[in-house]
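Since the structure comes first, as structure tokens, the remarks are kept for the end.
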Amino acid sequence: MSFLKKSSFAVCAAIGVGAALVMTALALLPAAWAVSAGLLPEPAGRTAALVLAGLAVLIATAVIARARGREALVTGGAIALGILALAALCCALGGGKCAFGPWLLYLTGALAIGCLAGALLGIRRNSHKKRRR
């Protein structure tokens, strides 16, 4: 964690984007298997993807913000925007099968909620500090 304290903001944001992408991909494997096996309907798989993406941003933001001790909301926003930019880039390069649509707005909402919740969890408060008047 001391590596994150000494790193620049851009490096920490890139590490957060990478960690959130890996966590999302690993968490989506069981959901994808359940949809392909017929255990879950396809709309439930889409909902699971949004929830897991938001949860991954929440965890990455909370960990990085807690390690750095500052810039919690900005770090979360950078992580969320990085993932959203990668999704839009994959859409643009995907051809006819990948299209921009309402799912991109849903993804934006899920990432924003994860960003805000992660920033709130990542803020460290020392309860032993006393206020001086």
On Cα atoms only, tilt of 102-122 relative to the major axis of the chain in degrees: 20
Global geometry of region 44-86, whether rounded, prolate or oblate, following the gyration tensor of its Cα atoms and the 1.5 cut on a/c: oblate
Accessible carbon and sulfur surface of the chain relative to its total accessible area, %, 1.4 Å: 70
Rounded FRET efficiency, nearest 0.05, which uses the C-beta distance separating VAL11 from LEU104 and R0 of 25 Å: 0.40
For ILE123, distant residues with modelled amide H under 5 Å away: none
Nonlocal amide H pairs with LEU40, under 5 Å, H built at 1.01 Å: VAL35
Length added when fully stretched, LEU26-ALA44, from 0.36 nm per residue minus Cα-Cα: 4.7 nm
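Stokes-Einstein at 20 °C, 1.002 mPa s, Kirkwood radius from Cα pairs: D for region 1-69 in µm² s⁻¹? The partial results should precede the final answer.
Working: Rh = 13.1 Å.
Calculated translational D: 163 µm²/s.
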Whole-number accessible area per residue in Å² for region 1-83, which is evaluated in the context of all protein chains at 1.4 Å: 54
Residue-by-residue Karplus 3J(HN,Hα) for region 23-37, coefficients 6.51, -1.76, 1.60, Hz, glycine and proline x: 5, 5, 4, 5, 6, 7, 4, x, 5, 5, 5, 5, 5, 5, 7
Karplus-derived HN-Hα couplings along region 39-48 (A = 6.51, B = -1.76, C = 1.60, θ = phi - 60°), whole Hz, x at Gly and Pro: 6, 10, x, 4, x, 5, x, 5, 5, 4
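The values are calculated or read from the model by the stated rules, or taken from the named source; none is laboratory data. Being a predicted model, the structure only gives us computed values, none of them experimental. FYI the Cβ positions are ideal-geometry reconstructions off the backbone, even for glycines, and counts take in every protein chain you see. Side chains are part of the model used for accessible areas, which takes the heavy atoms of the whole protein and leaves out ligands, DNA and RNA. Shrake-Rupley method; radii C 1.70, N 1.55, O 1.52, S 1.80 Å.
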